[in-house]
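The values are calculated or read from the model by the stated rules, or taken from the named source; none is laboratory data. Computed from a predicted model, the values in this text were never measured in an experiment. Ideal geometry is used to build each Cβ from the backbone, glycine not excepted, and the neighbour counts take in all protein chains shown. Ligands, DNA and RNA are stripped out before the accessible areas are found, and what is left, the full protein with its side chains, is counted by its heavy atoms. Shrake-Rupley method; radii C 1.70, N 1.55, O 1.52, S 1.80 Å.
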Amino acid sequence: MTEKKRSTFNLFIRSLIFSIYSVSTIMLYSFVCVLSLPFPLRYRHGLIRNYLRLYIYVLKKICHIDYQVEGLEHIPKDRNGIILSKHQSTWETFFLPIIFHDPAIILKRELLWLPFFGWGLAASDPIAINRSSKSNAMQQIIAKGKKCLDEGRWILVFPEGTRVPPGVVGNYKLGGARLAAATGYPVIPVAHNAGKFWPRRKFIKQPGTVRVVIGPLIESKGRTAEEILKLAKQWIEETVMRIG
């Protein structure tokens, strides 16, 4: 069905209402996250998932941004691994932890210092990296990542490092692929077009349906990090072009 045409003023008001909701609930939620720190990680992740589901639901109701997921059958029930996802928007950082339960997100440790938002991130027990030294950062990723993988958690990586606008191919970094090559865990690529509806550095959100496609596993055993990244990048970018 074709999305109803809305005026810029209408979209601005809807985006403003959602921004007020987002800021106010993240502030309140951050205190709940701090209080939840003494509890086991599975309880904290359950709390986080419930909040993220509500967040995506409210976004749909206010800004009319829905989603459609393809390839759920590619997520194995008896294995975990490293998720390499396209990074166009803030949307996927809220959505992917709903699909991949209890993920450890690789991020720069400075994000944990942000008031409120950083507290919520800390409750999810991410892999926070000191990026001042690239060699040490890679050692941290492999050591902490292997521990999380062996515990049964997924690792979520945005290999482009930063959000890129639709139609742009970012500079894919090897960190996630090196982790896969070092540990033998598979990679699962994820493509989406969220940047069309929640553009980076723009206030107004556009109504529509985000298409998320989960790709087949890429086995890492017997492959170099460069080979793994090449396969993941090729699948992601070809799929992004297909879904527009």
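Set side by side, the residues Arg44, Arg14 differ, and just one is closer than 30 Å to Glu151 by Cβ and of a type in the set (Lys, Arg), which is Arg44.
Scan region 214-227 for residues that are in contact with a Pro (Cβ under 9 Å, 6 or more places away or on another chain) and not small (Gly, Ala, Ser) and jot them down. Answer for region 214-227, where residues must be in contact with a Pro (Cβ under 9 Å, 6 or more places away or on another chain) and not small (Gly, Ala, Ser): Ile214, Pro216, Leu217, Ile218, Glu219, Lys221.
Only strands (runs of 3 or more DSSP E) whose full extent lies in region 35-115 are considered here, and the ones with at least 3 residues that are under 14 Å from the mean Cα position of the chain (by Cα) are 82-85, 104-108. Taking the criterion of being in a helix (DSSP H, G or I) and surrounded by 21 or more Cβ atoms within 10 Å (Cβ to Cβ), the residues of region 211-239 that qualify are Ile228, Leu229, Ala232, Ile236, Thr239. Can you spot a residue in region 184-198 that is among the basic types (Lys, Arg), surrounded by 14 or more Cβ atoms within 10 Å (Cβ to Cβ) and part of a loop (DSSP other than H, G, I, E, B)? Checking region 184-198: not a single residue is among the basic types (Lys, Arg), surrounded by 14 or more Cβ atoms within 10 Å (Cβ to Cβ) and part of a loop (DSSP other than H, G, I, E, B). Taking each residue of region 137-151 that is part of a helix (DSSP H, G or I) and looking for partners that are open to solvent by 90 Å² or more (accessible area, probe 1.4 Å) with beta-carbon atoms closer than 6 Å, six or more apart or interchain, yields Ala137/Arg131. Only one entry in Ile105, Ile127, Ile65, Ile83 is crowded, with 16+ Cβ neighbours inside 10 Å, touching a Pro at 6+ places or on another chain (Cβ under 6 Å) and aliphatic (A, V, I, L, M), namely Ile105.
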